[in-house]
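The values are calculated or read from the model by the stated rules, or taken from the named source; none is laboratory data. Because the structure is predicted, anything quoted here is derived from the model rather than measured. Note that we place each Cβ from the backbone using ideal geometry, even for glycine, and neighbour counts take in every protein chain shown. Quick note on the areas: whole protein, heavy atoms, side chains included, nothing else; ligands and nucleic acids left out. Shrake-Rupley method; radii C 1.70, N 1.55, O 1.52, S 1.80 Å.
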Amino acid sequence: MLVFAVISIALAVFLLLIGLMVLVRNHQDPINRNFFTMCLLGVVWSLSFEWTFYLFTSQPADSSMLALDIFNRASYVLGLLLLLSMVIFTFIFPKKRKTTVLRAVVPLYIITAILSTSELIAGVTGVENGEYVIKTGEYIWIYLTTILVGIGIIVYNLFYQRRIAISPAQRSQNRLLATGLVSSIFIAFLLATVSPILFPSLKIDLISPIAL
């Protein structure tokens with residue numbers, strides 16, 4: 001637990017530095033600002049996720065149970081906001097595209113985020129055999145569907161950009177970004193969302209922030 005926490009914090013700091021480096025180069029560029037926002041949300045999501053697991057492995061108590069419940073729901077919401085920031089980024093990088101689809105996606109993410117603050121998606125926190133347990137909400141499928149919609153849009157946008165007229169440098173950036181985002185999202189999706197449903201006792205989702 002401690003090793004993964006240290007690695008996650010180190011990666012979060014590294015991600016924040018990358019975001020700051022890009023922002024400082026040209027803070028007026030909307031692409032740079034959005035990239036920094038994406039990095040910042042990644043950092044906050046990672047830290048909230050690790051804090052959730054710190055509380056999860058602590059000795060059950062009424063006060064820590066409430067905190068665990070809050071951070072668990074926060075990690076769901078922050079995960080959605082992080083993915084949404086990635087979706088928005090792919091609509092402006094390397095060139096701005098029509099945002100007709102985005103107008104429909106944003107309300108979907110807002111509704112799912114609101115539901116994620118309740119036990120309908122985030123589930124409930126309890127104690128069994130002297131240990132904390134978090135039972136996933138019955139409407140988790142809405143969360144999974146929303147994530148898959150975002151992933152689909154990101155993949156389409158990034159690979160669509162290859163067909164439009166962009167410079168060789170932009171094409172290289174796009175290829176690097178596509179590889180990084182798609183692989184990170186896929187790994188995080190499997191570790192943070194799918195594994196708790198299929199293998200709840202293994203606690204594989206503990207290492208989810210490594211996807212950053």
(message) Residue under question is LEU40, and the condition is that it be open to solvent by less than 80 Å² (accessible area, probe 1.4 Å) and in a helix (DSSP H, G or I); does it hold?
(response) yes
(request) Output the qualifying pairs, or none if there are none: Cβ atoms under 7 angstrom, residues six or more apart or on different chains, first residue in the range 192-212 and within 15 Å of GLU50 (Cα to Cα) and among the β-branched types (Val, Ile, Thr), second residue modelled with pLDDT under 75 and surrounded by fewer than 18 Cβ atoms within 10 Å (Cβ to Cβ). (result) ILE207/PHE4
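Assess whether ILE88 counts as being open to solvent by 20 Å² or more (accessible area, probe 1.4 Å), modelled with pLDDT of 90 or more, touching a helix residue (DSSP H, G or I) at 6+ places or on another chain (Cβ under 7 Å) and within 26 Å of ARG175 (Cα to Cα).
yes
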(request) Please state which of the following conditions ALA61 fails to meet, knowing it meets all the rest: (1) modelled with pLDDT of 85 or more; (2) over 16 Å from the mean Cα position of the chain (by Cα). (result) (1)
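Select from the range 122-144 the residues that are at positive phi and open to solvent by 20 Å² or more (accessible area, probe 1.4 Å) and write down the one among them that is modelled with the highest pLDDT.
So the residue we want is ASN129.
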(request) For residues that are open to solvent by 70 Å² or more (accessible area, probe 1.4 Å) and polar (S, T, N, Q), scanning just the range 91-121, find the one that is nearest to SER167 (Cα to Cα). (result) THR100
(message) Checking the conditions here, which among PHE71, PHE49 is at pLDDT below 90, in a helix (DSSP H, G or I) and open to solvent by 40 Å² or more (accessible area, probe 1.4 Å)?
(response) PHE71
(message) Given the condition buried (at least 19 other Cβ atoms within 10 Å of the Cβ), modelled with pLDDT of 80 or more and not aromatic (Phe, Trp, Tyr), answer yes or no: does some residue in the range 200-208 qualify?
(response) no
(request) Determine whether the range 37-54 contains at least one residue that is farther than 27 Å from THR145 by Cα and touching a residue at least 60 places away in the same chain (Cβ under 8 Å). (result) no
(message) Exactly one of these conditions fails for PHE93: (1) under 25 Å from ILE9 (Cα atoms); (2) in contact (Cβ under 8 Å) with a residue 40 or more places away in the chain. Give me its number.
(response) (1)
